[in-house]
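The values are calculated or read from the model by the stated rules, or taken from the named source; none is laboratory data. Note that the structure is predicted; figures quoted are calculated from it, not measured. Please note: Cβ atoms are built from the backbone with ideal geometry, for glycine as well, and neighbour counts cover all protein chains shown. Calculation scope for accessible area: heavy atoms of the full protein, side chains included, ligands and nucleic acids excluded. Shrake-Rupley method; radii C 1.70, N 1.55, O 1.52, S 1.80 Å.
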Amino acid sequence: MAPKHSNSNHPSKGDLPRTWAAQTLAFAAAVGDTRPVTCVGGQTHWSLAGTADSTADRVSAPSGVVDVLPEEMLVRVGAGTPLVELAQALFAVGQQVCLPQDADPLATVGGALAVGHGGRLQLKLGPPRDSVMEVTYITAQGQISKSGGPVVKNVSGFDMCRLLVGSFGTLGFISEVVLRATPIPAVSQWLVGPPQALDPQTPEVDQSATSLQTLLHAPASLLYTPTQTYVLLEGHAMDVKNEATMLGTQGFEPVSQGPTLLPHRISCRRGQEYRAGVDSGVDFVALGGVGVVTSTHPGPKPRIDSVAASLNRRLKQHFDPTGRMNPGRDVLAGTVETDSAARGTLR
Amino acid sequence: MKGSRHGSTKENGENAALGQASGHTMAVDLLIRELEESLGQDRVRADRIEIGLFSGDASTFDLGQAGLVCMPRTSSEVQTIIEACNRHQRPFVARGGGTGLAGGAIPCGERPVVIALSGMDQILEVDVSARLAWVEPGVINLDLTRHLTPLGYHFAPDPSSQQASTLGGNLANNSGGPHCLSYGVTNAHILAMELVLPDGSVAMIGQDGGDAVGYDLRGIVVGSEGMLGVATKIAVKLTPNPPAISTLLASFPTVRQAASAVTSVIANGYVPAAIELMDRNAVKLIEDFVHAGYPRDAEAVVLLELDGLEAGVTATTKEVSHLMTGAGAISVRCAADDAERMLLWKGRKAAFGAISQAQPDYYLHDTVVPRTRLVEVLDEVYRIAEKYELMVINVFHAGDGNLHPILAYDAREKGRLELVHQAGREIVEASLAAGGVLSGEHGIGVEKQAYMSLMFSSIDLAQQDLVRTVFDPERLSNPGKVLPTGATCAELQYMNHVPDGVWA
């Protein structure tokens, strides 16, 4: 639970929306409806999902925090807004969003959503896709379209927000989003302790991680490196102190920061992150409880069911029949389609 | 493979499909025979009583007519049914507990095959280390949580129908519930699924860990009301049970003050596990029905639950109580023990059943408004009810801004239902005017299909229709729902004129 906060710093609601509507229209006009076009953010993850066609026109989404609504726990923001700027606007009202917190200063909201990766707090805050309440985007036909709504709960029609997050801009370009915000906790404390251990009896399960998750009610982050385990505790001061004391008996001690995530990501089953990190054979920082290992080198190619892959291709064909949106990008780039005979198995 | 032609359905003389629809009889016979051979006669039903049972759901809409009811037990049987439907160009509708309130499971169009999934009710795997479970779609929501309780976990979405609604239905509707305020709706708790697509092919979508590969197909299927395929295995996230829980009941002299108190709690940075608001009418009916201990003299009560670790819960209980008092609460009571807590929740969960004491029928609405607009929209809801001389009972997820005005009426009174629908439309319009949305957890179904254009532009709707085209180009899976099309209206008109006993 968060302390009280002031909402005095958020932008006025005066003429900003009118200006903003003009920016959205200008963005749609820039995207157009004919020529190949690439949407550019901070280019901090530019090497992912194929290679951008350098001959395409370049556009950038509108930038700016449109409206901070702490009493709604929502924020409306242009996709071109740097993550840092958004974080500062929210910090002023005691809130945060689940987009990566330790991002490159150039990284933008739209870029983070186009990639769709969670940050160090994904265990607590969930993946970015869960926080997008409304999206305004430009279609391949250059039209402005909207999905979702500026409320925290919504099941009105098919949720296009889900398809656009992680789509690398291949279905449409996000212009503006409404994100769900959460209070910044009263106390945050990183601790560092001994590395995870693999139980030889059940090597497929990270035993220490399981016991950590049992010992702690809801850690905000569990990060495993080859040599250390980092835990982020958040909440009421006394609760953090009590859980830190428990961890102290297992060799953990306070530290000012957790490790930075590494550039490459490997997916694995939840609960098997440390094992997957060790198996990668390279340096890693694994996100415990969410099935992600970040590493210094690319991991094995991710697998996708062949029928699901076919659905992916049909989505692209229908939403962008001429292939003009972010040409060169492909959400299936670097993936391996699984034999359809494997279907019907649970994993 | 077993079964003779038409089997038991014909033997009991009540086959609704056979011998009456002139042009299609041969094709229909063939479809029935194929399905009986695959599933067995006892799991392919076409007698009039069962057709009637599976032609409606918990909504007030009486538009559907099932052609045939199939009761698969495995994924491959679901696939077999859908492949047969494709061969015969027959629409199909998957169905769980039938508890939907927006008509999402009503068989619309050319008398679809109903795929009743309640027999696929196995919890296939529980993996505590991965905090996930694989389940079949017919598992009842509360049964899963009961199964997980000894392990220290639960399934967080807890719709009021959780004693009867299934995980497959929850997935299709992206269901909510009181505790979704802090834990999120169903979409945040579904990791992956095996999906039989409308053409009969099978895809595994989503992951049981890690980043999404490709587009988030899982995310678009959750909440798509069965129009993009049928989930036959579902991986759900397990949520650890909180070590400490505090449940508060605050009573207020006016509904406005109660709603303002809710806004104040959120605006001050607290995210309780649940905040429910019940008005005077609701309190009276609940007290008469289950004696939950709600104060009868209150114009409104707020049921608020906090959970987490002990110190945080204790401190926040004091702070939130203080906020409630500051907002005008007459009293704030904290449940002393589990028994009292359960009783307070029993009252909330029994609210819909309690309405039968006042009127034989009710229409439960579902819209969401910004939390800061709750007071004014509630005022408008009462004004609309008064205008149409309808009894309104407000029991809703106030923390989410998720309104549930209940219009109680007697359907035997001529013209009453029409008034209820008119009032309902005005409530929807008032919610949209306040910046809200059509539905927070019940979905669109047939109920709000015509309202979609109030919220979305033709461009928005065309984009959504593209998704439908990608997954289901033949429009066989649960036709006539969600997206407003001319064809849908025509289908509904058509259905109203199909005589009983004819599977056209």
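Checked across region B:53-60, the condition of being modelled with pLDDT under 95, part of a helix (DSSP H, G or I), out of contact with any Pro (no Cβ under 6 Å at 6 or more places or on another chain) and within 20 Å of residue B:169 (Cα to Cα) holds for at least one residue. So for region A:74-95 (the condition being over 23 Å from residue A:168 (Cα atoms), within 14 Å of another protein chain (Cβ to nearest Cβ), in contact with a Leu (Cβ under 7 Å, 6 or more places away or on another chain) and open to solvent by 10 Å² or more (accessible area, probe 1.4 Å)), does at least one residue qualify? Among the residues of region A:74-95, not one is over 23 Å from residue A:168 (Cα atoms), within 14 Å of another protein chain (Cβ to nearest Cβ), in contact with a Leu (Cβ under 7 Å, 6 or more places away or on another chain) and open to solvent by 10 Å² or more (accessible area, probe 1.4 Å), which makes the answer no. Report, by residue number, each residue of region B:178-213 that is farther than 23 Å from residue B:138 by Cβ, within 7 Å of chain A (Cβ to nearest Cβ) and of a type in the set (A, V, I, L, M). Scanning region B:178-213 gives B:212, B:213.
Taking first residues from region B:443-456 that are touching a residue at least 12 places away in the same chain (Cβ under 8 Å) and over 15 Å from residue B:223 (Cβ atoms) and partners that are aromatic (Phe, Trp, Tyr) and surrounded by fewer than 20 Cβ atoms within 10 Å (Cβ to Cβ), the Cβ contacts under 6 Å between residues at least 6 apart in sequence or on separate chains come to B:446/B:61. For residue A:277, state whether it is buried (at least 19 other Cβ atoms within 10 Å of the Cβ), touching a residue at least 40 places away in the same chain (Cβ under 8 Å) and under 24 Å from residue A:49 (Cβ atoms). In short, yes.
Residue pairs whose Cβ atoms lie under 7 Å apart, sitting 6 or more positions apart in sequence or on different chains, and linking a residue in region B:71-99 that is assigned to a helix (DSSP H, G or I) to a partner that is open to solvent by 20 Å² or more (accessible area, probe 1.4 Å), are B:75/A:344; B:75/B:233; B:77/B:38; B:80/B:38; B:84/B:34; B:86/B:199.
Restricting attention to region A:152-203, the residues being in contact (Cβ under 8 Å) with a residue 40 or more places away in the chain, hydrophobic (A, V, I, L, M, F, W, C) and either touching a Lys or Arg at 6+ places or on another chain (Cβ under 9 Å) or within 12 Å of another protein chain (Cβ to nearest Cβ) (or both) number 14.
Against the condition open to solvent by 30 Å² or more (accessible area, probe 1.4 Å), touching a Phe, Trp or Tyr at 6+ places or on another chain (Cβ under 6 Å) and within 14 Å of chain A (Cβ to nearest Cβ), how does residue B:151 come out, does it pass? So residue B:151 does not fit the description; no.
Meeting the requirement of 3 or more residues that are within 13 Å of chain B (Cβ to nearest Cβ) and more than 24 Å from the chain's Cα centre (by Cα), the helices (runs of 4 or more DSSP H) wholly within region A:228-347 are A:237-248, A:306-319. If the condition is being within 13 Å of residue B:221 (Cα to Cα) and either among the β-branched types (Val, Ile, Thr) or facing chain A (nearest Cβ under 8 Å) (or both), then region B:156-177 contributes B:173, B:174. On the given criteria, is residue A:108 open to solvent by less than 10 Å² (accessible area, probe 1.4 Å) and either under 25 Å from residue B:217 (Cβ atoms) or β-branched (Val, Ile, Thr) (or both)? Considered against the rule, which asks whether it is open to solvent by less than 10 Å² (accessible area, probe 1.4 Å) and either under 25 Å from residue B:217 (Cβ atoms) or β-branched (Val, Ile, Thr) (or both), residue A:108 comes out as no. When B:208, B:216, B:199 are screened for being on the phi < 0 side of the Ramachandran plot and modelled with pLDDT under 95, only B:208 passes.
The helices (runs of 4 or more DSSP H) found wholly in region B:224-339 and carrying at least 2 residues that are in contact (Cβ under 8 Å) with a residue 60 or more places away in the chain, open to solvent by less than 10 Å² (accessible area, probe 1.4 Å) and of a type in the set (Val, Ile, Thr) occupy B:255-267, B:310-326. Taking region A:135-151 as the range and being open to solvent by 10 Å² or more (accessible area, probe 1.4 Å), closer than 24 Å to residue B:435 by Cβ and in contact (Cβ under 8 Å) with a residue 60 or more places away in the chain as the test, the residues that pass are A:136, A:143, A:144, A:150. Taking the numbered list (1) in a helix (DSSP H, G or I); (2) open to solvent by 10 Å² or more (accessible area, probe 1.4 Å); (3) out of contact with any His (no Cβ under 9 Å at 6 or more places or on another chain) in turn, residue A:163 passes all entries but (2). The single condition among (1) polar (S, T, N, Q); (2) outside any helix (DSSP H, G or I); (3) open to solvent by 70 Å² or more (accessible area, probe 1.4 Å) that residue B:356 does not meet is (2).
If you go through region B:456-470 and keep only what is in a helix (DSSP H, G or I), open to solvent by less than 30 Å² (accessible area, probe 1.4 Å) and facing another protein chain (nearest Cβ under 7 Å), you end up with B:460, B:463, B:464, B:467, B:470.
Yes or no, residue by residue, for (1) open to solvent by less than 10 Å² (accessible area, probe 1.4 Å); (2) within 15 Å of residue B:477 (Cα to Cα):
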site	(1), (2)
B:67	yes, yes
B:71	no, no
B:80	no, yes
B:98	no, no
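Filtered by the rule that a residue be buried (at least 21 other Cβ atoms within 10 Å of the Cβ) and more than 16 Å from residue B:235 (Cβ to Cβ), region B:110-148 gives B:111, B:112, B:113, B:114, B:115, B:116, B:117, B:140. Within region A:168-191, the set of residues being of a type in the set (A, V, I, L, M), open to solvent by less than 10 Å² (accessible area, probe 1.4 Å) and closer than 22 Å to residue A:44 by Cβ comprises A:171, A:177, A:179.
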